[in-house]
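Contents: one structure, followed by commentary.
The values are calculated or read from the model by the stated rules, or taken from the named source; none is laboratory data. Computed from a predicted structure; not experimentally measured. Ideal geometry is used to build each Cβ from the backbone, glycine not excepted, and the neighbour counts take in all protein chains shown. Accessible surface areas use protein heavy atoms only, side chains included; no ligands, DNA or RNA. Shrake-Rupley method; radii C 1.70, N 1.55, O 1.52, S 1.80 Å.
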Amino acid sequence: MIRQRRSPREWLVLTIFLGVLSGCNGESTQSPAASLSCETGEAVATDGYRRLALIVGVGEYADDSVPDLAGTVVDARRMHELLTGQFGYGFPKQNVCLLLDEEATGENFRRAFDEVLVNRAQPDDIAVVFFAGHGSQIWDANGDEPDQWDETLVFHDALASETGEIVDDDFHDMLRRLHQRTQNIVTILDSCNSGTATRAASSMTARFVPPTDRKIKITSADGDGEGAWAPQSLPGLIAFTAATDGTPALERNAKGIFTDALIQVMSQVSERPLTYAQVARQVPPLVASSSYQIPFFQGELNQSVFGNSGRTRPVGWDVVSVGPPIELSGPPLPGFGVGAELRVYDGAATGDDVKDPAKAKATIIVDEATGLNAKAHVTALAEARPIDPGDLAMLVRPANDFLKITLSIRPANLPGGVPENRAEQIRTWLADEPEAAMLVEVAESLDDFELSVNSDDKLILRGPENQVRMVFDRDRAVVRNLWQHARQHALLKLRGEGGADFVDQETLEVQLIAAARQAACADGTWRQSSPNREQVIPLCHAFNIKVSHAAGSRMPLLIGGFVLSTDGSTYGFPADGRAIMLEPGDEVVLNGRSETFRATVPIDVQDHVLVFGTQETNPVQWHLLTETAATRSAGAEPRSGLYGALHRYLQPNST
């Protein structure tokens with residue numbers, strides 16, 4: 001975790017994400033495969049090539065020992081809508097096969113893979129495979145896995161049939177056959193290949209089935225030789241997986257956290273086509289705001305997403321009637337719900353238009369949300385630009401529930417339980433502190449954080465990954481620490497609004513660099529990562545933040561942002577509120593007072609650095625945004641400009 005250099009605790013290894021504004025010949029016992037509900041005839045070409053997709057969501061399992069999943073079918077339907085919907089990626093519906101629950105057997109997947117993708121694909125066609133369901137492992141039978149485990153995709157008939165799972169070796173062979181027809185392949189796997197799981201009482205569910213002694217039919221003649229399926233051996237293939245490095249793929253509130261972030265990013269449109277590289281940079285902080293899983297992206301990422309360069313209108317909600325109240329309809333987009341703030345734009349607005357607040361007709365807040373419909377009221381209206389039916393409403397601030405975190409207090413009758421008198425005092429403190437009361441909800445489930453007591457009778461806070469985040473010398477310190485975690489949760493959801501002038505993850509380049517002076521405890525070798533990439537920091541090393549402004553940018557930018565540590569500590573920079581203006585082509589190393597940091601325990605955690613650029617007319621007191629609303633109001637005028645918008649963003653909306 002990150003601490004400022006002035007901290008007396010100076011020890012360890014840290015991983016940081018930098019950001020800017022997934023044999024045997026036994027006989028099958030399965031009954032014959034059911035007929036596919038999707039078309040498998042001639043595919044339709046658009047723009048001179050075919051867009052093909054196989055989308056799978058498995059939530060119900062035939063064997064009772066495999067736990068059902070609430071969010072996988074929802075994820076599959078949302079991905080289908082993103083590809084085929086009116087303002088989606090232009091996939092003709094007859095080119096897309098959707099397999100859900102009982103239709104999503106292992107044999108049906110193999111059959112659909114051949115009939116929908118392999119048999120129809122031609123050179124330059126785009127083929128997409130999306131899978132949301134359980135993953136698992138089996139003992140490696142052919143010796144090609146360094147860890148001695150094969151990973152599997154778990155289908156509806158898993159355990160009930162020897163063909164109900166597909167081993168990574170077989171999946172690689174399937175992709176290799178498809179690759180012989182077209183090299184433009186995208187695989188998206190929202191499933192676990194790790195046994196790591198959340199605590200038993202959590203309402204977050206890991207998409208993983210523990211290994212058992214079971215027979216699985218393996219058809220590949222040879223192992224892939226790479227230790228699981230090997231996208232790097234198939235040039236052109238793009239692979240997105242929900243979790244790696246021993247972290248589980250999680251779902252929450254009947255939605256996959258990874259798929260949720262993907263859809264949020266892929267729904268946007270800019271002047272230039274969105275690339276897989278941009279997706280790979282924007283998704284991790286969104287995932288990190290809700291989960292400790294670490295998504296993984298590989299392949300030739302500089303290509304445009306799904307080959308689509310003609311989208312001009314982003315996916316949003318449509319104004320049905322102007323009311324009042326304003327009535328809206330639209331797809332189930334991430335972050336939408338009661339308290340969500342949206343900007344209303346002309347119905348013909350493009351992707352760049354909706355990134356320019358000056359082009360908005362109005363700002364509205366959602367009062368009711370049921371399924372695909374919602375009602376809202378106006379909070380700001382542009383002069384002489386009335387809202388009309390057919391206008392486009394775009395989310396700028398998530399619903400209240402998306403900005404809150406939950407806390408459970410371990411019952412006194414359990415090991416490490418908090419005595420009831422201390423637990424009640426903590427509840428009282430949380431209720432009495434306005435900032436914490438808005439953002440922290442005490443609940444029975446273990447979704448986010450849990451308080452317990454250690455052997456020294458001190459309160460300890462664990463994150464959703466069940467790792468100790470903080471040990472408290474004073475019980476009262478719990479309150480501030482929790483709202484700091486809630487603040488981080490909200491900050492990680494911030495999105496840039498560059499329009500045609502700026503490009504997220506490109507206009508600004510960020511690196512963590514070793515500080516000029518190091519303490520004697522600094523151990524290991526610093527290996528510098530390239531800009532906007534994860535930086536591994538050796539034991540006890542001090543570091544600074546370096547920001548570069550692309551030479552081809554259109555205008556100077558004011559620089560600022562946040563360092564978010566896993567213990568809840570949040571630092572805004574420039575730390576003293578000074579203005580740092582970068583002309584295109586300029587760079588700066590932030591090394592002022594309180595701007596040198598050092599990694600501290602625990603090891604192998606992923607902290608975050610968020611850097612934003614703003615126009616000269618929109619200065620932001622970034623260091624004040626890490627404080628309470630009262631402090632922010634006293635330190636700067638919070639009622640106007642971008643600073644005012646961020647000030648309001650960090651507080652739940654009243655409806």
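A few remarks follow.
- Accessible surface calculations at 1.4 Å, restricted to protein heavy atoms, place the range 273-362 at 33 Å² per residue.
- For Trp526, the accessible area of its heavy atoms, probed at 1.4 Å with every protein chain present, is near 50 square angstrom.
- Inter-site label distance for Ala514 and Gln180 at 7 Å from Cα along Cβ, in nm: 5.0 nm
- Among the GluC sites (Glu not before Pro) found in the range 32-134, those both in a DSSP coil and sparsely packed, with 13 or fewer other Cβ atoms within 10 Å of their Cβ, are Glu42.
- Per residue, the average separation of C-alpha pairs within less than 8 Å and at least 6 apart gives the range 478-587 a relative contact order of 28 percent.
- Length released on extending from Ala358 to Asn302, taking residue separation times 0.36 nm less the Cα-Cα span: 17.1 nm
- Residue-wise HN-Hα couplings along the range 350-366, as the Karplus relation 6.51 cos²θ - 1.76 cosθ + 1.60 with θ = phi - 60° gives them from phi, are 9, x, 6, 4, 6, 9, 10, x, 5, 8, 6, 7, 6, 10, 10, 10, 6 Hz; Gly and Pro carry x.
- FRET efficiency for Val442 and Ser594, using Cβ-Cβ distance with R0 set to 30 Å, rounded to 0.05: 0.35
- The range 560-628: trypsin sites (Lys or Arg not before Pro) falling in loop per DSSP and having at most 16 other Cβ within 10 Å: Arg578, Arg593
- For the range 359-516, the relative contact order is 17 percent, taking Cα pairs closer than 8 Å that sit 6 or more residues apart in sequence and dividing their mean separation by the residue count.
- For the range 525-598, GluC sites (Glu not before Pro) are listed when DSSP marks them as loop and at most 15 other Cβ atoms sit within 10 Å of their Cβ; the list is Glu534.
- Backbone N within the range 382-403 under 17 Å of label point (7 Å from Ala348 Cα along the Cβ vector): 385-393
- For Ser530 and Thr617, a Förster radius of 25 Å and the Cβ-Cβ distance give a FRET efficiency of 0.20, rounded to the nearest 0.05.
- Partners for Lys359 among aspartates and glutamates (Cα-Cα distance below 13 Å; same-chain residues under 8 apart left out): Asp346, Glu383, Asp391, Glu497
- Rg over Rh [alpha-carbon atoms, Kirkwood Rh] for the range 429-570: 1.05
- Ligands, DNA and RNA left out, the accessible area of the range 549-632 computed with a 1.4 Å probe is 48% carbon and sulfur.
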